[in-house]
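The values are calculated or read from the model by the stated rules, or taken from the named source; none is laboratory data. These figures come from a predicted structure and were not determined experimentally. Reconstructed Cβ throughout: ideal geometry from the backbone, glycine too, with neighbour counts over all protein chains shown. For the accessible areas, the whole protein counts, side chains as well, though only heavy atoms, and no ligand, DNA or RNA atoms are used. Shrake-Rupley method; radii C 1.70, N 1.55, O 1.52, S 1.80 Å.
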2 protein chains.
Amino acid sequence: MEKTVKEALKEIVGEENFTDSLIDLIAYAKDASEHQHRPEAAVWPIRTDQVSAIMKLATREEFPVIPRGAGTSLAGLAVPEKGGLILDLGRMDRIIDINIEDRLAVVQPGVIYAELDRALSPHGFFFPPDPASGSVCTLGGNVATNAGGIKGAKYGTTKDYVLALEVVLPDGRILHTGSKCMKSVSGYDLTKLFVGSEGTIGVITEITFKINPKPPVTSTAMATFETLEDGGQAISEIMYSGIIPSALELVDRQSLKAINENTDLQLPEVEIMLVAETDGYTKEETEFQMKTIMEIFRKNNATMVKHADESKGGAAALWTARKSAYGVMARINNNLIVEDLAVPMSKVPEMLRAISDLAKKYDLQIPTVGHAGDGNLHPVVSFDGTDPDQVRRVEEASEELFKKVIELGGTLTGEHGIGLAKIPFMHLEHDETSMDIMRSLKRLFDPKNILNPGKMGLEA
Amino acid sequence: MEKTVKEALKEIVGEENFTDSLIDLIAYAKDASEHQHRPEAAVWPIRTDQVSAIMKLATREEFPVIPRGAGTSLAGLAVPEKGGLILDLGRMDRIIDINIEDRLAVVQPGVIYAELDRALSPHGFFFPPDPASGSVCTLGGNVATNAGGIKGAKYGTTKDYVLALEVVLPDGRILHTGSKCMKSVSGYDLTKLFVGSEGTIGVITEITFKINPKPPVTSTAMATFETLEDGGQAISEIMYSGIIPSALELVDRQSLKAINENTDLQLPEVEIMLVAETDGYTKEETEFQMKTIMEIFRKNNATMVKHADESKGGAAALWTARKSAYGVMARINNNLIVEDLAVPMSKVPEMLRAISDLAKKYDLQIPTVGHAGDGNLHPVVSFDGTDPDQVRRVEEASEELFKKVIELGGTLTGEHGIGLAKIPFMHLEHDETSMDIMRSLKRLFDPKNILNPGKMGLEA
């Protein structure tokens, strides 16, 4: 990046919102994935017109721009693979409006998920799609990745709550999509095209979310199963029962083992542990749902069923295993890939079996946790990245894993995105027509390929 | 359309699935709107490969193709404005799969909404977005228009349930979008680009829907208010209460008057009548919600609050006023435009006032019904289309109406679409950048402008 370009950037955002210091560039070379590449500079715009001016400059000078939130991506979405400029939206962090009557929250992209949740809480409202990184991730990133979370089965994902966007296009034009109304079918749905687009076709500078009243009562239970078949059958029967739990999480044997080796939780090392949560307006309704679920657990040979005593903080105890999983897994080895895939719910047991078989075949540890209620699994691959043989085994296992996912009617990613991590597998899920249309869309919005280039396998 | 083209069409679909008889062409000149234009031929394809062959032919010979379901559009979406070929998908009417474990229904586009509902019912499941035309409209049309209905506030609209599509592109290629998994962020969201695209960029030939378990218990109540302010305040307070009714419908004074003049229902002619429905798994929960809502009705000076006795079919009685509205309004005059707009919920009273003022100003009858729970209103304009003066007044009132809608932060259409009816107003809601992007998308998918040409204001 030439000095004149850097000067122009400083002019746009001000000295204090520009950096090209080595320490910053090293920090911005990574996100939460295993990928890295150093950018040439970074800016913190504070207004939409600055973002627009930056994009105009980038289009003229043809340098890559990588929009970035908190950098929590597990698939390399925020890594500046081709260098260029990091556009850190973290300083555009204002909650512009919370409007309960109209059921809306309007935010800048740098607002942290938990901040919005805190602001909604006094009104009895919440923003349902809560990713595991909710305490640090920014809402702009959530929209750009269509973030999911544990409430997906009942409440959907980020896309289901984005009503309108302000987006800066690669050429600097400011596009307004959607409507602040609950319903609108006025023209093409441009909003959803930007949700999950991984910063490759526009920079999100303002978001209007639909928000939900938060059901005041929850109930939590946990169950353990000695076989994947029993656990899988329980998941299916819950669906048939007509109950949609507000969460239905799973922890597999390898995860339970890893947790026991690294904590004193002394969890039973069964094939599969399920944690279910129900919610509602009244205790009677919420417990009715949970009773139905616990009956299904017992009928399917659960070796243990525990119902939390909500008044004594019992729910938190039941969540310990699920929530401690990542922290524990990070200790197993030098490197960690939190994988992400989804399969139809009925295929969850078969997928878990396949993951376990792959771990044996390639002599790897692949503990798995996931969202059983929507078929979204996270196999966590631990390895030593300095050992070429382990790296090779991880690569081979990954390829076999995703072939199996597609064979079962699944998808490469339920909530983490394609980024850099899934590029090699795009052809498994998307045929030539589908890839051609995606590439055409990228070219339409970003003909010079300056926005987050090198991502999503769009450069054939 | 040349004779050789007609012969080629017969070859593709068979003699029995082709027509150019005058009586058929006259029928296909109209949908449920006031627009009309005669096509040159019509076909009933029965397989995707036939649709593909038709589109290849249309691209080569450059004739318009208008995909059509049941033709229930109220905005001219299915009218062959530039002639050409009607592609009636009504004979592709197979329910391909209902999979409760995976929470999916896979259907062909010609399946009628009510047919799917009947098929899901024995499983205790339903497909929530139920348009008023549910007993006749086809699901392909529902997807192409992103159909809404009375359950929008709690359950969203069609877009929230479309997981995957098979689409035939204008050049005949067959595109597969989305995934049959509950969660997927694998590449751009091509699925949502086709939902609500009004048949202008692709022909939908297969749909995978997410389906929902149907809460077994409902409760219904009705309330009347002497002022719009009281009714509006009640709507706002319901939102603050944390309850989302499964339906919250409104009927205005002019509608009540029209109903009384044409039936013996003897309804109170108040400013606004609200009908609310709640649902849940248990009677206790469902009544708890309804009790909260009825308290809000009473607190805001409802002149009457009636709670249905569900065991005696009381709910049906409370719904009579709302459900008889269209039938009654159709009798007022020769012509009828069922308008469609949405505003933020808090603006519903102001919008109703504006509609009432416009009716007075232009000496028109504009009774209004609507979905108060999501701000979607349907002013129904009755007039005599043979009277040029009335037609002029309707046109002037419409323009003023939509200027007011946009001024209040609303949208031109909540669920009926742009079609032909809203083209003159597109510029009110969408600025040049937005229109430019929509036109670019149309050109990208349909460079020869053969699919449903002349719609949505995309031809500048």
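Helical runs assigned H by DSSP (4 residues or longer) give chain A a calculated mean residue ellipticity at 222 nm of -10500 deg cm²/dmol, each run adding -39500 (n - 2.57) before division by the residue total. Per residue, the solvent-accessible area of segment A:267-395 (1.4 Å probe, heavy atoms of protein chains only, all protein chains present) comes to 40 Å².
Residues in segment B:5-21 carry Karplus couplings, in order, of 5, 4, 4, 5, 5, 4, 4, 6, 9, x, 3, 6, 10, 10, 8, 9, 6 Hz; the curve used is 6.51 cos²θ - 1.76 cosθ + 1.60 with θ = phi - 60°, and Gly or Pro positions show x. Dipole of segment B:1-131, Cα-centred, from +1 at each Lys and Arg C-beta and -1 at each Asp and Glu C-beta, to the nearest 20 debye? Its charge dipole is roughly 120 debye.
Only protein heavy atoms count here; on that basis, with a 1.4 Å probe, B:TYR326 has an accessible area of about 70 Å². Taken along the Cα-to-beta-carbon direction at a fixed 7 Å, the label points for B:GLU261 and B:GLU16 span 5.0 nm.
Centre-to-centre separation between the Cα atoms of segment B:391-460 and those of segment A:246-306: 51 Å.
Computed over the alpha-carbon atoms, segment A:3-88 gives an Rg to Rh ratio of 0.95, Rh here being the Kirkwood radius from the mean inverse distance.
Distance from the C-alpha centroid of segment B:84-110 to that of segment B:312-344: 29 Å, rounded to the whole angstrom.
For segment B:351-459, the set of trypsin sites (Lys or Arg not before Pro) satisfying both a DSSP loop assignment and a count of at most 16 other C-beta atoms within 10 Å is given as B:LYS448. Legend: translational diffusion of segment A:197-300 by Stokes-Einstein, Rh = Kirkwood radius over C-alpha pairs, 20 °C, 1.002 mPa s; D = 134 µm²/s. Altogether, the Stokes-Einstein calculation at 20 °C and 1.002 mPa s, with the Kirkwood radius of segment A:82-144 over Cα pairs as Rh, returns a diffusion coefficient of 173 µm²/s. Relative to the longest principal axis of the Cα atoms of chain A, the long axis of helix A:228-240 makes an angle of roughly 80 degrees. Put a plus charge on the Cβ of each Lys and Arg, a minus charge on the Cβ of each Asp and Glu, and nothing anywhere else: the dipole of segment B:393-460 about its Cα centre is then about 320 debye.
Based on every Cα atom in chain B, Rg and the maximum pairwise Cα distance Dmax equal 22.5, 71 Å. In nanometers and ordered shortest first, the copy-to-copy spacing of the B:GLU284 label point, defined 7 Å from Cα toward Cβ, is 0.5. In units of the compact-protein estimate 2.2 N^0.38 Å, segment A:217-448 shows a Cα radius of gyration of 1.10. Approximating the spin labels as points 7 Å out from Cα along Cα→Cβ, the A:ARG439-to-B:GLU62 distance works out to 2.8 nm.
FRET efficiency for the A:HIS427 to A:ARG91 pair, using the beta carbon distance and R₀ = 56 Å, is estimated at 0.90. Taken along its three principal axes, the alpha carbon spread of the protein assembly as shown comes to 84, 62, 61 Å, from the longest extent down to the shortest.
I'd like the FRET efficiency for B:ILE26 and B:ARG47, computed as 1/(1 + (r/R0)^6) with the beta carbon distance as r and R0 of 35 Å, rounded to 0.05. About 0.80, to the nearest 0.05. In units of the compact-protein estimate 2.2 N^0.38 Å, segment B:269-322 shows a Cα radius of gyration of 1.17. A simple charge model with +1 on the Cβ of Lys and Arg, -1 on the Cβ of Asp and Glu and nothing else charged puts the dipole of the protein assembly as shown at about 80 debye relative to its Cα centre. With respect to chain B, whose longest principal axis is taken over its alpha-carbon atoms, helix B:348-361 is tilted by about 80°. With the simple spin-label model, which puts each label point 7 Å out from Cα in the Cβ direction, the A:GLU229 to B:VAL217 separation comes to 3.8 nm.
Expressed as a fraction of 2.2 N^0.38 Å, the C-alpha radius of gyration for segment B:53-172 is 1.13. When B:ASP387 is represented by a point 7 angstrom out along its Cα-to-C-beta vector, the spacings to that point in the other copies are 8.9 nm, nearest first.
For segment B:408-415, 3J(HN,Hα) computed residue by residue from phi via the Karplus equation (6.51, -1.76, 1.60; θ = phi - 60°) reads 7, x, x, 10, 4, 7, x, 7 Hz, glycine and proline entered as x.
The interface between chain A and chain B buries about 7100 Å² of solvent-accessible area in total (1.4 Å probe, ligands and nucleic acids excluded).
Residue-wise HN-Hα couplings along segment A:190-196, as the Karplus relation 6.51 cos²θ - 1.76 cosθ + 1.60 with θ = phi - 60° gives them from phi, are 5, 3, 5, 5, 7, 5, x Hz; Gly and Pro carry x.
Volume per residue for segment B:274-374 equals 139 cubic angstrom (convex hull of Cα atoms). Counting from the shortest, the label point at B:ARG439, 7 Å from Cα toward Cβ, is 2.8 nm from the same position in each remaining copy. Annotation: average projected area of segment B:354-460 is 8.1 square nanometres, based on the convex hull of Cα atoms across all directions.
Can you give me the long-range amide H partners of B:LEU377? Hydrogens built in the peptide plane at 1.01 Å from N, cutoff under 5 Å, separation of 5 or more residues or another chain. Amide H neighbours of B:LEU377, under 5 Å, 5+ apart: B:LEU341, B:ALA342, B:VAL343, B:HIS371.
For chain B, carbon and sulfur atoms together expose 50% of the accessible surface, with a 1.4 angstrom probe and every protein chain in place.
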